[in-house]
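To start, the structure under review is shown below, and the notes come after it.
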Amino acid sequence: MSYISDVLEQLNKNNPNEPEFIQATTEVLESIAPVVDANPRFQDWALLERLVEPERVNIFRIPWVDDAGKTHVNRAYRVQFNSAIGPYKGGIRFHPSVNLSIIKFLGFEQTFKNSLTGLPMGGGKGGCDFDPKGKSDTEIMRFCQSFMTSLYRIIGPRVDVPAGDIGVGAREVGYMYGQYKRITGVYEGVLTGKGLSYGGSLARTEATGYGLIYLTQEMLNDHNDSIEGKTIVVSGSGNVATYAIEKATQLGGKCVTASDSSGYVYDPDGIDLDVLKDVKQVRRARINEYVNARPNAKFHAGKRVWEVPCDIALPCATQNELDVNDAKELVKNGCKVVAEGANMPSTLEATKVFLENKLLFAPGKAANAGGVATSGLEMTQNTQGLSWSFEEVDTKLCGIMKNIYGNMADAAKEYNAKDNFVVGANAAGFLKVADAMMAQGII
Ligand code: NDP
Ligand code: 2IT
């Protein structure tokens with residue numbers, strides 16, 4: 001443990017203004033103590049020191065001109081965190097809160113998540129402090145083109161393969177892909193999450209949300225239970241939340257909430273997906289508009305969903321959206337299962353509350369790995385010049401999520417922490433990366 005504390009101490013000194021990055025690294029390092037203790041060579045070869053230092057951090061400016069002719073400059077990042085087991089792979093986020101700490105934490109998490117999928121993908125993440133809200137379609141396009149004009153020289157299908165994340169969906173990926181192709185003159189699978197007409201994979205849109213529910217169902221089955229008949233509280237109303245609600249509803253669960261940064265809606269009859277998709281995907285409107293079409297539903301301005309009693313909670317919006325008080329309230333109201341669709345939505349203290357109270361808690365790097373796993377399947381289809389059917393991709397996705405659950409449950413048992421899936425996911429994800437890094441020497 002003293003090796004781990006020393007690394008954490010140095011990490012805190014080296015990254016004083018990066019709270020999210022410190023949070024993510026602390027959670028992982030503290031939970032893998034038994035694995036590290038069993039392998040003294042890791043310390044001899046400074047494995048942990050190398051693991052917490054990104055291989056490369058790129059920071060670049062994005063100038064763009066709005067519809068009124070005014071020039072703006074945003075700051076963008078691409079953190080190429082770890083390429084031990086494959087090319088860098090991970091999404092791009094457009095949100096005003098984006099900074100180096102957030103992109104580093106996401107890249108670090110991505111490294112372990114990608115390892116857990118069993119596919120050969122390293123970890124990376126990118127983003128920009130650009131706010132897409134209220135921008136016209138042509139502004140979004142010009143911004144994406146400018147972003148790619150700076151990004152293209154550091155990415156490639158065997159180098160670094162970006163995808164979507166908060167604020168980046170099919171529309172943005174399309175504009176970025178077009179600009180990459182225009183600059184390089186090469187038609188290749190450099191991005192995932194592409195449209196179906198130009199190399200995208202069926203089921204990639206649904207994959208993160210569906211995968212979250214497949215893993216949750218597997219975890220419940222393993223404990224002689226299921227999603228059927230459960231009341232489910234979901235935060236967010238973007239890509240992950242929408243398809244989590246869709247699959248959970250198909251499996252007989254009742255999802256009663258959806259939210260965005262303005263508040264949440266509670267629908268006692270279960271969220272109506274047609275209405276949610278119309279508000280969020282078609283009209284790109286605020287969540288309060290949901291209640292216009294659903295008279296029994298209520299909008300709660302400025303509130304978070306965790307006050308609503310439920311059996312299962314699915315945080316699917318953003319990091320640190322669920323704090324220690326929210327966790328206590330969920331437990332008090334009888335919640336038994338938490339599965340993270342977002343990346344690091346629970347604070348360290350909230351996670352502790354879940355584990356102490358013996359909830360089934362599936363951490364994001366396992367629970368939301370279905371998105372990047374399906375991105376991996378898109379890469380394979382692009383390389384082979386194939387396009388698989390929805391059922392083929394969905395079946396593979398389901399298999400991957402079951403495997404992830406099995407591997408993290410086994411790892412938890414092996415390290416005497418049965419049903420502690422924080423230990424299980426971190427240990428299982430870490431071991432493959434550590435093995436590859438040790439085999440490749442001190443690089
Ligand atoms: P979207 O942009 O589609 O949706 C994001 C949702 O979260 C919106 O409802 C948004 O509300 C809300 N949100 C974002 N930031 C904040 C904030 N600071 N405070 C409150 N609400 C916020 O993103 P995704 O659904 O793709 O991503 C959601 C989460 O899932 C993220 O943590 C992402 O990293 C993670 N994830 C995504 C994957 C993917 O394939 N897309 C894969 C794995 C994980 P508003 O519109 O008001 O901002
Ligand atoms: O956080 C994530 O795993 C994603 N945003 C998806 C990454 C990807 O490469 O599909």
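The Cα trace of segment 386-443 gives Rg and Dmax of 15.2, 44 Å, the first to one decimal, the second as a whole number.
Based on C-alpha pairs under 8 angstrom that are at least 6 apart in sequence, the chain has a relative contact order of 15 percent. In nm, to one decimal, how far is the modelled label at SER262 from the one at ASN221, with both set 7 Å along Cα→Cβ? The two pseudo-label positions are separated by 4.0 nm. The order of the peptides 7-20, 73-86 by mean Cβ neighbours within 10 Å, most packed first, is 73-86, 7-20. Each residue of segment 226-231 was assigned a 3J(HN,Hα) from its phi angle through the Karplus expression (A = 6.51, B = -1.76, C = 1.60, θ = phi - 60°), giving 7, 6, 3, x, 7, 8 Hz with x at Gly and Pro. Evaluated over segment 156-273, the count of Lys pairs having alpha-carbon atoms less than 22 Å apart is 4 (only pairs 8 or more residues apart or interchain). Once Rg and the Kirkwood radius are both taken over the C-alpha atoms of segment 312-355, their ratio Rg/Rh works out to 0.91. Can you give the FRET efficiency to the nearest 0.05 for ASN333 and LYS358, using r as the Cβ-Cβ distance and R₀ = 22 Å? With R0 = 22 Å, the Cβ-Cβ based efficiency is 0.90. Computed on the Cα atoms alone, the convex hull of segment 164-271 gives a volume of 110 cubic angstrom per residue. Find out how many positive minus negative residues lie around ILE62, taking Lys and Arg as positive, Asp and Glu as negative, among other residues whose Cβ is under 11 Å from that of ILE62. It works out to a net charge of +2. Our coupling estimate for segment 125-131, obtained by passing each phi through the Karplus curve with A = 6.51, B = -1.76, C = 1.60 and θ = phi - 60°, is 7, x, x, 8, 7, 6, 9 Hz, Gly and Pro reported as x. Modelled label positions at ARG182 and ASP66, each set 7 Å beyond Cα in the direction of Cβ, lie 2.2 nm from each other. Ordering GLY406, THR347, VAL393 by Cα displacement along the dipole of segment 346-413 toward the positive end leaves THR347 in first place; charges were set at the Cβ atoms of Lys, Arg (+1) and Asp, Glu (-1).
Along the Cα-to-C-beta direction of GLN10, a point sits 7 Å from the Cα; which residues of segment 406-442 have their amide N less than 17 Å from that point? The answer is 438, 442. So if the hydrodynamic radius of segment 309-384 is defined as the Kirkwood radius over C-alpha pairs, what does Stokes-Einstein give as its diffusion coefficient at 20 °C and 1.002 mPa s, in µm² per second? Rounded to a whole number, D works out at 164 µm²/s. Residues LEU431, LEU48, LEU220, LEU330, arranged from fewest to most other Cβ atoms within 10 angstrom of their Cβ, appear as LEU431, LEU220, LEU48, LEU330.
The modelled label-to-label distance between GLU414 and ASP272, using points 7 Å beyond Cα along the C-beta direction, is 5.0 nm.
Pairs exceeding a 21 Å alpha-carbon distance, out of LYS113/LYS413; LYS113/LYS280; LYS113/LYS303; LYS358/LYS413: LYS113/LYS280; LYS113/LYS303.
Give the shape of the chain as rounded, prolate or oblate, defined through the alpha-carbon gyration tensor: a ≥ b ≥ c are the square roots of its eigenvalues, a/c under 1.5 means rounded, and otherwise the shape is prolate if a/b is larger than b/c and oblate if not. The shape class here is rounded. Each 10 Å bin from 0 upward holds the following percent of the Cα-Cα pairs of segment 8-146: 11, 36, 30, 15, 6, 2, 0.
Each residue of segment 203-215 was assigned a 3J(HN,Hα) from its phi angle through the Karplus expression (A = 6.51, B = -1.76, C = 1.60, θ = phi - 60°), giving 6, 5, 4, 7, 4, 5, x, 4, x, 4, 6, 4, 5 Hz with x at Gly and Pro.
Is segment 250-391 best put as rounded, prolate or oblate by its Cα gyration tensor, with a ≥ b ≥ c the root eigenvalues, rounded for a/c under 1.5, and otherwise prolate when a/b is larger than b/c, oblate when not? Oblate, because a/c is 1.5 or more while a/b does not exceed b/c.
Throughout, read-outs are computed from the coordinates displayed, never taken from laboratory work. Predicted, not measured: the structure shown is a model, and the values here were computed from it. We place every Cβ from the backbone using ideal geometry, glycine too, and count neighbours over all the protein chains shown.
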